Every structure is written in C-alpha cells, then in structure tokens.
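Read through the structure below, which is laid out as structure tokens, and then see the notes.
The values are calculated or read from the model by the stated rules, or taken from the named source; none is laboratory data. Bear in mind that the values here come from a model prediction, so they are computed numbers and not experimental data. Here Cβ is always computed from backbone atoms with ideal geometry, including for glycine, and neighbour counts include all displayed protein chains.
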Amino acid sequence: MALRPESFGALVYHFGTRRLSFLKTSRLVEVVTGLERHPDVHAAIEAAGVEEAQRPAYLRALSGLAANGTIEKRHAEGGRR
Amino acid sequence: MKLVEHFQHGLNSPICLTWELTYACNLACVHCLSSSGRRDPRELSTAEAKGVVDELQKMQVFYVNIGGGEPTVRPDFWELLDYSIDHDVGVKFSTNGIKLNKERATQLARTDYVDVQVSLDGATADVNDHVRGPGSYATAMRALENLAEAGFGRPKISVVMTRQNVDQLDEFKAIADKFGAQLRITRLRPSGRGADVWDELHPTAAQQRQLYDWLVARGEDVLTGDSFFHLSAYGEALPGLNLCGAGRVVCLIDPIGDVYACPFAIHEQFLAGNVRSSGGFQEVWQHSELFLDLRRPQTGGACQSCQHYDSCQGGCMAAKFFTGLPLDGPDPECVRGFGELALAARNGAVPPPKSDVDHSRSAPRNTRGPVPVTIGMGRPDRACETSPIAGFGASANDSGLFSPAR
C-alpha cells in the first residue's frame with residue numbers, strides 16, 4: 001500500500017488489489033498511517049485527535065478501506081493494520 | 001471543498017496517465033486517436049523511457065496506461081514493462097493482440113501488477129474489421145484465447161462505441177464473459193484520424209440514449225474510462241468523476257516525450273512541454289502554463305445557464321475542439337441537441353483545427369518539419385488522454401471521508 005499526499009488528504013493505492021482510494025481529510029491520513037503503531041483502530045483514531053462526534057464517520061471510512069482490501073485485519077494481535 | 005473541486009484545481013501528480021510508447025502500428029484503424037502508423041525516429045530510447053518510469057515512481061504515479069500505436073511492437077516493450085512494475089509503477093496496456101502469442105500470454109499470467117486491454121470495435125468480424133482492418137478481429141480473438149488459456153486474470157476488452165456497434169452491446173458483453181474478461185467501452189472522439197470518420201461513425205442521438213440506458217441497466221461491471229460523462233445530463237449520473245480531467249488529473253506522454261493535456265488532444269494547442277526538457281515530466285505537470293491554465297476555474301460559457309451543466313460540465317474538450325466548436329460551449333453530442341445546432345451553425349466557414357502530428361502511413365513524412373537538436377546532453381525544450389479517468393467507481397462528490405475508486 002502506498003500513500004500519496006494531495007491537497008485534500010491523500011491518494012492511497014494498494015498494488016495487490018489495484019484499488020485506488022481517496023482519503024478526504026488529512027486527519028484520516030493520520031489515522032490510516034497510525035494503524036500499524038497502535039493496537040487497534042480506536043487507539044489510532046484517538047491518537048490522531050479525532051473528535052468523539054466524528055468517530056463513527058472515521059470507523060465507516062476504515063471499514064470501507066477494509067472492505068476493498070486496502071487495509072486488513074492484523075492476524076496475530078487481532079487489531080487492524 | 002469537495003473532492004471534485006480539488007481535482008479541478010489539479011493534483012501533485014496525475015491519477016490517470018496515458019503513455020503512448022510508439023506511433024508505430026501494424027494496423028491502420030480508421031478512427032485512430034493518435035493517427036498512428038509509422039514509428040517516429042525521435043521516439044524515446046529505452047534509457048529515456050526508463051528515466052520517465054523513475055520519475056513516475058518518484059511522483060508516486062501508481063500506474064500508467066500504456067498505449068500507442070501498438071506498444072508491443074517496440075522491441076523493448078517487455079523490458080520496459082518489467083522495469084516499470086519493478087519500480088512500483090503498475091502497467092495497464094492496450095493492444096490489438098498482435099504479439100500476444102501463447103508464450104507471452106503465459107509470461108503475462110505470471111506477472112503481477114499488469115492489466116491487459118485488447119481492443120475490439122465490433123462484436124463480429126465484419127463490423128470490427130471495417131474500422132480496424134482485415135484480420136484484426138481474428139487477431140484479437142486469438143489473443144483473448146491465449147490469455148484465457150494461460151490463466152491470465154481478467155483481461156479487458158476495450159470497445160470504442162460507434163454507430164455500427166451500439167446495437168452489439170449485449171454481444172460484446174457475451175464475448176467478455178466467454179473469455180473471462182471485463183468489458184470496457186469508451187467514447188469515439190474526433191481526434192487523430194477519428195476526425196475524418198466522426199460524422200459517419202459517431203453514435204446518433206437515439207443511439208446515445210440507447211447507450212446510456214444500457215449502461216444504467218447493465219453497466220454494473222462495465223468500465224467506461226469515465227468517457228460518457230456528457231450523457232449524465234440524461235438523468236442519473238453515471239459512475240465516475242463527471243469532469244474533464246485534462247491537465248488536472250489526466251495527461252498524455254506521447255512517444256517522443258511530448259506531454260499533452262489528454263490522450264485525445266494531440267494538438268499544439270494542448271501541448272504542455274516535453275519530458276526531455278530540464279525539469280522533466282514533473283516540471284511540465286506541475287508548472288506548465290497550459291496545465292495551470294486548465295486548472296483555473298472554468299466559466300461554462302454558453303452552457304452556464306443550462307440546468308444540466310453540473311452533470312455534464314460542458315462535455316469533452318477534445319470533442320469540441322476537433323469539431324471546431326468553442327471550448328466553452330456545448331459538446332457536439334450534447335444530449336439536449338445544442339451541439340448539433342452549434343455544428344450546423346459552423347456552416348463550413350472555418351475548417352475545424354487539425355493536428356499536425358500525423359504518423360499515418362498515408363501521410364507525408366515529418367509533418368511538423370525538422371526539429372532542431374543541440375549537440376550534447378539532452379534535447380531542446382519545445383514551445384508548447386476517460387482518457388479519460390479510468391473507471392472511477394464511486395461518486396467523488398459525496399461528503400464522506402473516503403471514496404473508493406477502481
């Protein structure tokens with residue numbers, strides 16, 4: 001997976017699935033890049049400073065990315081990567 | 001700001017870059033968008049082409065759409081394919097199938113990050129060969145058979161929609177299903193030799209409606225290169241950006257390194273620079289006067305007051321330009337018929353602009369005249385293609401945080 005910063009956030013491309021997605025806020029970019037440093041999605045969301053009211057939208061965005069294979073469940077620890 | 005507005009202002013790097021590797025082609029399709037046929041002696045060398053790949057990798061252009069001409073007739077095609085993939089620039093290439101024998105099909109089946117698109121402009125040999133030349137249907141079928149036999153995962157069958165094949169949409173879909181391929185249909189543009197046959201081949205108004213209805217009903221798994229966005233004014237927007245991406249998210253690198261705003265706009269007026277110039281492709285993409293101009297807000301001109309302007313954005317720049325219509329007016333295939341009125345009003349007074357880049361085997365050689373070359377490093381900079389945005393799957397206008405594209 002590769003991220004390309006753009007004015008709106010970032011383009012994210014998965015070379016395996018050949019899926020191109022748009023991360024439409026820079027905060028979402030922070031969340032996605034933080035996934036591998038944090039035990040689970042909630043920790044990554046909190047670390048990026050997402051407001052509580054926004055949490056459901058961010059969870060939806062992450063599940064969209066997971067559904068198209070751009071991010072996937074981390075097997076060993078049970079979190080997401 | 002909505003995502004689509006960011007796109008209008010341009011991105012750091014293109015999303016959809018078409019790179020035509022050669023003007024040489026074994027065929028002479030009557031509607032060839034790049035008037036291909038003969039190789040241009042100024043074609044980028046293998047080393048120069050690898051330099052372009054390096055630059056695309058640095059700019060994080062994740063994949064390129066390779067075309068031509070017939071790209072596979074370049075002897076270094078397979079070398080460049082591997083080089084590109086090894087440098088994180090995935091390749092989708094278009095071919096008429098001439099070189100896709102069993103051996104190459106097997107090689108491709110083993111290669112990751114490569115997509116193959118076989119061109120076919122008729123679901124039957126007579127319709128196809130009328131446009132693409134004798135034997136071309138058989139060549140395409142053989143290539144598709146070889147790919148299927150080798151287990152290549154989901155090639156694409158790429159069809160330019162014409163007056164003669166709109167009725168064959170279901171048959172095209174059946175052919176795609178038979179070969180385990182995905183159907184891709186795109187719009188005929190009056191670009192290159194397409195200008196000579198556009199009047200005769202572009203779908204009638206009734207056929208455009210038919211095409212739109214078919215896409216809405218059966219287009220779920222059909223790619224369009226976002227090339228029918230002018231039809232969105234019929235009602236329901238078709239999947240995609242619904243925006244002319246020329247110079248904003250799309251551009252073309254031609255075989256001699258010239259960078260144009262879009263694959264359908266090979267004309268001096270849309271030439272932004274050359275990858276051989278000192279700043280390379282990145283400089284052209286980010287700073288050329290032409291591209292900066294295309295990224296400024298457009299007014300909509302004569303279309304501004306139309307209730308459908310938001311859906312069609314005035315249509316395709318190249319289609320207007322090469323039919324001699326003003327760029328800020330309606331598309332020649334405007335679904336409300338304003339394009340036809342505008343075409344009728346031209347009255348033959350001024351002939352539509354014609355590209356001086358012509359490599360047709362029937363054309364006089366070296367039509368642009370000699371190019372001065374300085375001795376030493378590099379070449380001189382020269383005074384200045386839905387494509388199209390390939391298959392964006394979801395609406396880019398939604399207010400969500402994330403948009404999938406495909």
Worksheet item: Which of the residues spanning the stretch B:251-278 are of a type in the set (V, I, T) and in a strand (DSSP E or B)?
Response: B:I253, B:V259
Worksheet entry | Among (1) closer than 29 Å to B:T139 by Cα; (2) away from chain A (no Cβ under 14 Å); (3) crowded, with 21+ Cβ neighbours inside 10 Å, the one test that B:Y63 misses | (2)
Response to the item:
For A:A47, the lone unmet condition from (1) at the interface with chain B (Cβ under 8 Å from one of its Cβ atoms); (2) farther than 26 Å from B:G90 by Cα is (1)
Discussion item. If the requirement is being buried (at least 16 other Cβ atoms within 10 Å of the Cβ), in contact with a helix residue (DSSP H, G or I) (Cβ under 6 Å, 6 or more places away or on another chain) and at pLDDT below 95, which of these qualifies: B:G329, B:G339, B:G300?
Written reply: B:G329
Discussion item. I need every pair where a residue in the stretch B:304-332 that is at positive phi has its Cβ under 8 Å from the Cβ of a residue that is surrounded by 23 or more Cβ atoms within 10 Å (Cβ to Cβ) and of a type in the set (F, W, Y), sequence separation at least 6 or different chains.
Written reply: B:Q313/B:F229; B:G315/B:F229
Practice prompt. With respect to B:R296, determine if the residue is in contact with a Gly (Cβ under 6 Å, 6 or more places away or on another chain) and in a loop (DSSP other than H, G, I, E, B).
Written response: no
Worksheet entry | Within the stretch B:59-142, strands (runs of 3 or more DSSP E) holding 3 or more residues that are within 20 Å of B:A174 (Cα to Cα) | B:114-119
Item to complete: Please state which one of A:L23, A:L35 is of a type in the set (A, V, I, L, M) and at the interface with chain B (Cβ under 8 Å from one of its Cβ atoms).
Response: A:L23
